[in-house]
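K.L.:
Would you mind keeping the following structure in view while I ask a few things?
The values are calculated or read from the model by the stated rules, or taken from the named source; none is laboratory data. Note that the structure is a prediction, hence the values are computed from the model and not measured. Counting neighbours? That spans all protein chains shown, and the Cβs are built from the backbone with ideal geometry, glycine included. Remember, those area values only see protein heavy atoms, side chains included, never the ligands or the DNA or RNA. Shrake-Rupley method; radii C 1.70, N 1.55, O 1.52, S 1.80 Å.
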Amino acid sequence: MRINGVGGIYFLPLFLAFIYALPAFAEYKNQATPSDIKIINPWVRSAPPTASVLGLFMQIQNHTPNTVRLLSASAKGYQRGELHLSKQVNGVMKMIKQDSIAIKPNSTTTLKPGAFHIMLIKPKSVPNIGSKVVINLVFDNGLSYKIDAEVKAKNQPHSH
Amino acid sequence: MKKSILAIVLIAIFALVIIVFSSDNTDYKKLKRALKTSTLLVNPDKALVNFSLLDHNGDIFDNARLKNQWTLLFFGYTHCPDVCPTGLMDMNQLKKILKQRGLPSPEVVFVTFDTQRDSAEVLKSYVTFFNKDFIGVTGKQAQIDNFIKPFGAYYERVIEVEGKQKILTKTDKIPAGINTYLINHTAWIYLLSPDGQIFAGFPAPHRVEKMADDIKLLTQA
């Protein structure tokens with residue numbers, strides 16, 4: 001009885017708190033969660049010690065029903081990161097700077113040599129093969145991801 | 001009966017005459033058909049004129065350096081973010097495949113479009129990173145511009161002004177305050193024959209296994 005009584009005392013404020021918090025729960029439901037986007041196999045292409053720019057590649061999976069956009073990429077030890085598209089136009093390879101890179105609903109966008117990629121500009125020092133570069137990616141759904149990209153000496157993620 | 005035998009013999013002679021007189025031509029036609037990923041560029045009208053450039057050790061790089069061996073030649077620049085490292089890694093891979101297959105391994109030459117930034121020294125540390133035997137070539141911009149003509153190669157410098165990319169003409173100077181530029185360019189890999197002339201070209205993207213198949217056909221033609 002006593003326990004019930006105590007419960008009764010606490011029940012009303014708890015109930016009111018719950019009602020009060022409901023909109024917040026609803027908002028939480030609409031907010032992006034980290035599992036909405038998955039970054040697969042991020043890697044940096046190894047470059048000569050004098051290189052002024054390195055290429056960063058990965059697959060980005062969008063597990064939501066909405067298009068998500070990668071807005072920016074930055075890396076520790078680099079002046080800045082830029083989003084680019086390598087595209088052949090009338091036989092000329094062009095480097096076209098992108099404001100963002102779109103990942104369509106429930107699909108994957110692959111960043112790879114000769115296609116969409118991230119340019120890491122002006123490294124303090126060019127990293128060795130096998131080392132890790134800490135990357136920060138920012139998306140338009142408000143999420144950002146900190147990932148480790150390994151430095152690899154190759155052109156395609158699956159070639160050896 | 002006799003008439004039909006005569007007709008067959010005449011047709012056979014006629015066919016033989018055609019084959020003999022056009023064999024040179026059909027050889028190249030056959031080769032062209034067999035090529036998977038390259039284009040035959042043999043053209044006496046587009047002979048390489050006399051040139052004198054500088055290799056990455058500061059030595060003269062002229063017509064003589066292209067003679068007596070097959071050469072794979074690629075144009076680019078060392079500040080290149082994607083196309084050039086891809087091409088150089090492809091050529092390193094290609095050399096490995098050719099070696100595995102017991103085929104002749106061509107000399108690999110990387111000629112810069114960007115003489116302003118690519119000194120012999122810069123080129124040396126750049127190209128030898130991909131393969132210690134690769135040769136970087138630079139020179140005066142006018143010499144490079146002249147050298148690339150018979151290849152049909154093309155480049156244009158790109159700067160960024162107020163967040164927008166702007167293409168410069170050949171004569172434009174890099175404006176003050178702009179400290180970097182990209183270069184849009186063609187990305188063919190060229191095969192030069194041991195007589196120092198352009199023989200075939202591989203457009204991008206480069207499929208190294210197929211390139212090796214074609215190089216076998218081209219070098220044994």
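K.L.:
Within segment A:41-59, take every residue that is farther than 15 Å from A:I101 by Cβ and either without any contact (Cβ under 8 Å) to a residue 60 or more places away in the chain or hydrophobic (A, V, I, L, M, F, W, C) (or both) and give me the one that is farthest from the other protein chains (Cβ to nearest Cβ). Can you show your working first?
P.N.:
Quick first cut of segment A:41-59, residues farther than 15 Å from A:I101 by Cβ only: A:41, A:43-54.
Imposing the further condition that a residue be either without any contact (Cβ under 8 Å) to a residue 60 or more places away in the chain or hydrophobic (A, V, I, L, M, F, W, C) (or both) reduces the set to A:43-44, A:47, A:51, A:53-54.
Values: A:W43: 13, A:V44: 11, A:A47: 6, A:A51: 7, A:V53: 5, A:L54: 8 Å.
Residue satisfying both the conditions and the ranking: A:W43.
K.L.:
Taking the condition of being in a helix (DSSP H, G or I) and in contact (Cβ under 8 Å) with a residue 60 or more places away in the chain, how many residues in segment B:87-121 meet it?
P.N.:
Residues of segment B:87-121 in a helix (DSSP H, G or I): B:87-100, B:120-121.
Subset that is in contact (Cβ under 8 Å) with a residue 60 or more places away in the chain: B:87, B:90-91, B:93-94, B:97-98, B:120-121.
Residues flagged as in a helix (DSSP H, G or I) and in contact (Cβ under 8 Å) with a residue 60 or more places away in the chain within segment B:87-121 amount to 9.
K.L.:
Identify the single condition in (1) out of contact with any Ser or Thr (no Cβ under 8 Å at 6 or more places or on another chain); (2) in contact (Cβ under 8 Å) with a residue 24 or more places away in the chain; (3) within 12 Å of another protein chain (Cβ to nearest Cβ) that B:G58 does not satisfy, given that it satisfies every other one.
P.N.:
Among (1) out of contact with any Ser or Thr (no Cβ under 8 Å at 6 or more places or on another chain); (2) in contact (Cβ under 8 Å) with a residue 24 or more places away in the chain; (3) within 12 Å of another protein chain (Cβ to nearest Cβ), the lone unmet condition for B:G58 is (3).
K.L.:
Which residue out of A:Q79, A:Q98 is farther than 30 Å from B:W188 by Cβ, within 13 Å of chain B (Cβ to nearest Cβ) and open to solvent by 30 Å² or more (accessible area, probe 1.4 Å)? Give the derivation first.
P.N.:
Working: A:Q98 fails: farther than 30 Å from B:W188 by Cβ.
None of the others qualify; the one that does is A:Q79.
Every residue, every condition in (1) within 24 Å of B:H56 (Cβ to Cβ); (2) in contact with a His (Cβ under 7 Å, 6 or more places away or on another chain); (3) among the basic types (K, R); (4) modelled with pLDDT under 95, yes or no:
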residue: B:I135; (1), (2), (3), (4): yes, yes, no, no
residue: B:I148; (1), (2), (3), (4): yes, no, no, no
residue: B:Q165; (1), (2), (3), (4): no, no, no, yes
residue: B:D172; (1), (2), (3), (4): no, no, no, yes
residue: B:Q197; (1), (2), (3), (4): yes, no, no, no
residue: B:H206; (1), (2), (3), (4): yes, no, no, yes
residue: B:K210; (1), (2), (3), (4): no, no, yes, no
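K.L.:
Can you pull out every residue in segment B:122-175 that is assigned to a loop (DSSP other than H, G, I, E, B) and within 16 Å of B:L66 (Cβ to Cβ)? Steps first, answer last, please.
P.N.:
Taking segment B:122-175 as the starting set, the residues that turn out to be assigned to a loop (DSSP other than H, G, I, E, B) are B:131-134, B:139-140, B:152-154, B:162-163, B:168-175.
Those that are assigned to a loop (DSSP other than H, G, I, E, B) and within 16 Å of B:L66 (Cβ to Cβ): B:D133, B:F134, B:G139, B:A153.
K.L.:
Right, something else. Just need a number here: residues in segment B:140-196 that are open to solvent by less than 50 Å² (accessible area, probe 1.4 Å) and polar (S, T, N, Q).
P.N.:
Going through segment B:140-196 one residue at a time, the tally reaches 3.
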